[in-house]
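Undergrad: Pasting a structure here, questions to come.
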Amino acid sequence: MYDHIRRFLLAAAVFLLSALVFTFIRSRVEGYGFLDLWSGRGPASEGFTSPVTPRLNAGDVEILQQLDDEYSKLAEAVLPAVVSIDTTVVRRQTIPLPLLGVQHVQDYLAPGSGSGAIISHEGHVVTNFHVIEGASQVTVTLSTNETLPARVLDGSRELDIALLKIESKHSNFPALSFADSNKVRTGQIVFAVGNPFGLSGTITQGIISARSRRFSDNSRDYLQTDTVINRGSSGGPLVNVQGEIVGINVALYKGDSNSDAWQGVGFAVPANEAKLVIDAVLSSPAGKRTQPTNPGYLGVALTGYPVRIPEGEGAGTIGVQVEFVPAGSPAAKADLRPGDIVTAFNGIPTKSPEELLTRIKMGEAGATVHLTVWRQGQLGTLNAELTSAKEQRGP
């Protein structure tokens with residue numbers, strides 16, 4: 001019997017000693033005193049004091065606070081006039097049937113998307129031509145999430161600008177105005193607005209990284225920007241700090257062919273080019289204007305700014321100055337020379353390089369055009385026949 005009592009007391013002593021060792025180790029790890037447990041106090045409470053004021057007052061960063069407020073004010077003013085565009089395009093695919101030795105041709109509906117900007121209170125929308133090309137159905141979604149049908153009026157495939165009309169009884173849509181893209185400066189702050197990857201109402205901020213210094217009708221002239229432009233942003237506006245459209249976002253530069261995301265370089269069609277296309281569409285009878293199947297080429301490089309005729313006939317008239325004429329080009333055959341100032345194209349005044357080049361690109365190869373030219377104090381007319389721009393730019 002005494003053996004049982006001794007074994008019981010030994011087990012109790014071992015258990016008590018183990019409990020004391022465990023408690024001691026726990027007190028060291030959790031940071032409270034060993035005797036606190038026996039005094040009933042238990043572990044010490046965790047201290048936590050949260051600050052109730054920011055490290056800086058608004059007055060300490062007054063300029064940044066104003067900039068922050070103005071960025072938000074700009075976004076609130078611009079976003080209601082930017083729409084998401086959804087399209088349905090009928091595409092055709094060929095399915096081989098090896099067992100039958102034939103191929104089956106099948107049509108299917110392919111969805112597409114892009115962005116656009118409302119530019120009239122009646123609901124006219126500017127976007128890229130490639131966004132709506134071939135679409136059998138077009139709808140726009142407003143910033144209020146209301147979806148409405150839209151009709152394609154026309155545009156320019158060559159300049160990648162199209163004009164839509166929202167089919168609605170609304171007559172007071174929020175709309176954006178155009179800036180003069182001739183006055184856009186490198187380094188100027190701009191904002192790209194659109195629906196990248198279907199994320200509506202997205203606005204990004206950056207600058208004009210570069211703009212063309214030399215203009216030619218055998219190359220496209222874009223505004224370069226470092227604002228974030230991704231797939232789905234095409235057709236959205238690039239705006240200045242006043243909310244005016246300086247360009248229509250058209251593309252991102254893919255330095256890495258495996259990437260479909262922004263890499264710091266985006267492009268936009270200058271506002272003046274977009275306006276010329278829109279004016280041409282609005283001035284043409286509905287359904288009467290046709291896309292040039294073979295856009296024209298004159299062969300002329302211009303200085304990047306408008307000039308005034310300095311003296312003689314037409315003194316003070318604004319025009320654009322010829323900088324270079326390639327040998328054998330239609331311009332050279334028409335006797336257009338470096339230093340000439342072109343004041344009109346088919347009788348329409350040319351007040352900027354973009355304006356003249358846009359009118360050339362909207363022409364059809366084979367058409368004869370009339371240039372009003374100032375040279376050595378005299379105004380005259382030169383006739384030139386446009387050739388194919390496609391042949392100049394290659395495949």
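The values are calculated or read from the model by the stated rules, or taken from the named source; none is laboratory data. Bear in mind the structure is a predicted one, so any value in this text is a computation, not a measurement. Note that each Cβ is placed from the backbone with ideal geometry, even for glycine, and that neighbours are counted across all protein chains shown.
Undergrad: If you scan the stretch 333-372, which residues turn out to be modelled with pLDDT of 90 or more and crowded, with 18+ Cβ neighbours inside 10 Å?
TA: Those that are modelled with pLDDT of 90 or more and crowded, with 18+ Cβ neighbours inside 10 Å: A334, L336, D340, I341, V342, T343, A344, F345, V369, L371, T372.
Undergrad: Could you count how many residues in the stretch 144-155 are in a loop (DSSP other than H, G, I, E, B) and among the polar types (S, T, N, Q)?
TA: Result for the stretch 144-155: 2.
Undergrad: Residues being among the charged types (D, E, K, R) and more than 15 Å from T303 (Cα to Cα): count how many of those fall in the stretch 334-364.
TA: 4
Undergrad: With respect to the numbered conditions (1) more than 23 Å from I85 (Cα to Cα); (2) acidic (D, E); (3) at pLDDT 85 or above; (4) more than 18 Å from the chain's Cα centre (by Cα), which one is the sole condition not fulfilled by D256?
TA: Single failed check for D256: (3).
Undergrad: Just to be sure before I move on: is R359 assigned to a loop (DSSP other than H, G, I, E, B), of a type outside the set (G, A, S) and either in contact (Cβ under 8 Å) with a residue 24 or more places away in the chain or within 20 Å of A389 (Cβ to Cβ) (or both) in the structure I sent?
TA: On the way: assigned to a loop (DSSP other than H, G, I, E, B): no; of a type outside the set (G, A, S): yes; either in contact (Cβ under 8 Å) with a residue 24 or more places away in the chain or within 20 Å of A389 (Cβ to Cβ) (or both): yes.
When the stated conditions are applied, R359 does not pass them.
Undergrad: If the Cβ limit is 8 Å and pairs must be 6+ apart or interchain, which residue in the stretch 38-67 that is small (G, A, S) pairs with which residue that is assigned to a helix (DSSP H, G or I) and modelled with pLDDT of 85 or more?
TA: The qualifying pairs are A58/Q65.
Undergrad: Touching a helix residue (DSSP H, G or I) at 6+ places or on another chain (Cβ under 8 Å), under 26 Å from S72 (Cα atoms) and at pLDDT 70 or above: does that describe V241?
TA: For V241, the condition - touching a helix residue (DSSP H, G or I) at 6+ places or on another chain (Cβ under 8 Å), under 26 Å from S72 (Cα atoms) and at pLDDT 70 or above - is met.
Undergrad: Which residue is modelled with the highest pLDDT, if the candidates are limited to the stretch 44-68 and must be part of a helix (DSSP H, G or I) and loosely packed, with under 10 Cβ neighbours inside 10 Å?
TA: The qualifying residue modelled with the highest pLDDT is I63.
Undergrad: Could you tell me how many of the residues in the stretch 130-158 are surrounded by 23 or more Cβ atoms within 10 Å (Cβ to Cβ), out of contact with any Phe, Trp or Tyr (no Cβ under 7 Å at 6 or more places or on another chain) and either within 26 Å of A389 (Cα to Cα) or assigned by TED's automatic domain parsing to the domain that holds S233 (or both)? Even if it seems obvious, please write down each step before you answer.
TA: As a first pass, look at the stretch 130-158 and keep what is surrounded by 23 or more Cβ atoms within 10 Å (Cβ to Cβ): 131-132, 138, 140, 150, 155-156.
Of the ones still in play, those that are also out of contact with any Phe, Trp or Tyr (no Cβ under 7 Å at 6 or more places or on another chain) are 131-132, 138, 140, 150.
With either within 26 Å of A389 (Cα to Cα) or assigned by TED's automatic domain parsing to the domain that holds S233 (or both) added as a condition, the list becomes 131-132.
Going through the stretch 130-158 one residue at a time, the tally reaches 2.
Undergrad: While we're looking at this one, here's another question. Can you name the residue in the stretch 34-43 that is surrounded by 10 or more Cβ atoms within 10 Å (Cβ to Cβ) and not in a loop (DSSP other than H, G, I, E, B) and is also modelled with the highest pLDDT among such residues?
TA: D36
Undergrad: With respect to F215, determine if the residue is within 15 Å of the chain's Cα centre (by Cα), surrounded by fewer than 22 Cβ atoms within 10 Å (Cβ to Cβ) and at pLDDT below 85.
TA: no
Undergrad: Additional query: Within the stretch 106-129, can you find the residues that are assigned to a strand (DSSP E or B), among the small types (G, A, S) and buried (at least 17 other Cβ atoms within 10 Å of the Cβ)?
TA: Taking the stretch 106-129 as the starting set, the residues that turn out to be assigned to a strand (DSSP E or B) are 106-118, 124-127.
Now narrow it down to the ones that are among the small types (G, A, S): 110, 112-117.
G112, S113, G114, S115, G116, A117, listed by residue number.
Undergrad: Something else now. Filter the stretch 282-301 for residues that are farther than 30 Å from G123 by Cα and modelled with pLDDT of 85 or more and give the result.
TA: Listed by number, the residues that qualify are Y297, L298, G299, V300, A301.
Undergrad: May I pose another question? Quick one: how many residues across the stretch 156-195 are among the small types (G, A, S), part of a loop (DSSP other than H, G, I, E, B), within 17 Å of N272 (Cβ to Cβ) and in contact with a strand residue (DSSP E or B) (Cβ under 6 Å, 6 or more places away or on another chain)?
TA: Residues that pass the stated criteria total 1.
Undergrad: A further question on this structure: Among the residues of the stretch 345-353, are any out of contact with any strand residue (DSSP E or B) (no Cβ under 9 Å at 6 or more places or on another chain) and closer than 18 Å to S388 by Cβ?
TA: No, there is no match, as no residue in the stretch 345-353 is out of contact with any strand residue (DSSP E or B) (no Cβ under 9 Å at 6 or more places or on another chain) and closer than 18 Å to S388 by Cβ.
Undergrad: Right, another one. Can you name the residue in the stretch 168-205 that is without any contact (Cβ under 8 Å) to a residue 40 or more places away in the chain and of a type outside the set (K, R) and is also surrounded by the fewest Cβ atoms within 10 Å (Cβ to Cβ) among such residues?
TA: G187
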